[in-house]
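Structure first, commentary second.
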Amino acid sequence: MEVVITNENFEALRNGSQPLVVDFWAEWCGPCRMISPVLAQLAEEYDGRIVVGKCNVEECEDIAAEFGIRNIPTLLFFRDGQLVDKFVGAANKTKLQEKFEANL
């Protein structure tokens, strides 16, 4: 299941017991809309092992600025509160699944 990242819950999710994948996106972003269903599928498949969060860059400007998000979609991978990987741009399910597996 995907969760909505907000300024209020980001730190708790980032420091949670499971790895966190944050999808930085915006409503007007075509590539973001393209990978959204794939991320929703992966969120279901990895439920209980990885938390998938959606962070709207227009609603959470501070979080986006903290991590220097300049292009979307951008996926950030966190483990034990630390940023461990980054992926920028759209990709197919196979490529995104490889990133999920590498960051378990």
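Throughout, read-outs are computed from the coordinates displayed, never taken from laboratory work. Since we're looking at a predicted model, the values are computed, not measured.
Distance from the C-alpha centroid of region 81-98 to that of region 1-55: 11 Å, rounded to the whole angstrom.
Within straight-line reach of Lys86, meaning a Cα separation under 15 Å, sit the following aspartates and glutamates at least 8 residues removed in sequence or on another chain: Asp23, Glu66, Glu98, Glu101. Using a Gaussian network model of the chain in which every pair of alpha carbons under 10 angstrom is joined by a spring, one finds that among Val22, Val52, Val88 the greatest mean-square fluctuation is at Val88. Taking a ≥ b ≥ c as the square roots of the eigenvalues of the Cα gyration tensor, an a/c ratio of 1.5 or more together with a/b no larger than b/c marks region 1-77 as oblate.
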